[in-house]
Amino acid sequence: MTKSYCQGTRERILDAAVAVFYDVDFHQVTIRKIASRAGVALATMYEHFESKEDLLHSAAAVKLEEMTEGLEQHLLGVRGVLGKLRKMTWYLLHYHEVNPELAWLLDFTVSPQSLSGSKIVEIGQRQAEILRSILREGQTCGDVATDIDIRLAALMYFGALHQLVMRWLIFGRSYSLTNDADGLTDMFFNAVKEPEGAHALFRCPLIKAQEDLSASFEKEARVDSSTAGDG
């Protein structure tokens, strides 16, 4: 049996598990039901996964990994803190809208007590670090207040995102999640941005260097003009 065949079988099982766990209460799901959905033998299921819980965690981790890799790709080439925040918020809400089963697995199926040390937490921390790095960039350039607690800011952001997704699921997905992307982004940025007038105390090093260079050019131009007049 080739490695690619085994990988393909595993992926088929995981896709089936996501669909079944989304449609059926976890306690009513059986390994046999997922095997039937995937079109594989029961023995094949146990070659890849130890238990129903292992399969659940693996399925959720795969979707979360897909989401995180997509986020990293979407942020490539985006400039500015606000631009990155806007793209990040839109993408995360859009992904949930297209893949509602992920939120269902994470929030209604996976037991919080089982998450300690899991792959799900590890991938979630990668997402959180993406946001924290954006905020640190903002602090470096003076767009984000230097005295905010970045860890708490990230918890606030993902907490709000989570509530939007949960409300959307509860109300039957009757509207577009991305409608709230700009509103959430603007509210969050207003909460963490550098207050007006604070830039006098902290300036982005790049901006300061550009201003110094411009001042130097202007000074040289005045000297040249003065020298030409003396001639």
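The values are calculated or read from the model by the stated rules, or taken from the named source; none is laboratory data. No experiment lies behind these values; they were computed from the predicted model shown. Cβ: placed from backbone, ideal geometry, glycine included. Neighbour counts: every protein chain shown.
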Complete set of residues in the range 76-102 that are of a type in the set (Val, Ile, Thr), within 15 Å of Ile130 (Cβ to Cβ) and assigned to a helix (DSSP H, G or I): Val81, Thr89
Going through the range 104-142 one residue at a time, which ones are aromatic (Phe, Trp, Tyr) and loosely packed, with under 15 Cβ neighbours inside 10 Å? Phe108
Note on His57: of the conditions (1) under 23 Å from Arg167 (Cα atoms); (2) touching a residue at least 40 places away in the same chain (Cβ under 8 Å); (3) crowded, with 17+ Cβ neighbours inside 10 Å, unmet is (1)
Scanning the range 7-53 for residues that are touching a Ser or Thr at 6+ places or on another chain (Cβ under 7 Å) and within 23 Å of His96 (Cβ to Cβ), which turns out modelled with the highest pLDDT? Leu14
Top-ranked residue in the range 9-37 [being among the polar types (S, T, N, Q) and in a helix (DSSP H, G or I); ranked as farthest from the chain's Cα centre (by Cα)]: Ser36
The conditions are (1) surrounded by fewer than 18 Cβ atoms within 10 Å (Cβ to Cβ); (2) under 25 Å from the mean Cα position of the chain (by Cα); (3) of a type in the set (Val, Ile, Thr), and Thr89 fails exactly one of them. Which is it? (1)
The conditions are (1) outside the structural domain of Gln125 (by TED's automatic domain parsing); (2) in a helix (DSSP H, G or I), and Val40 fails exactly one of them. Which is it? (2)
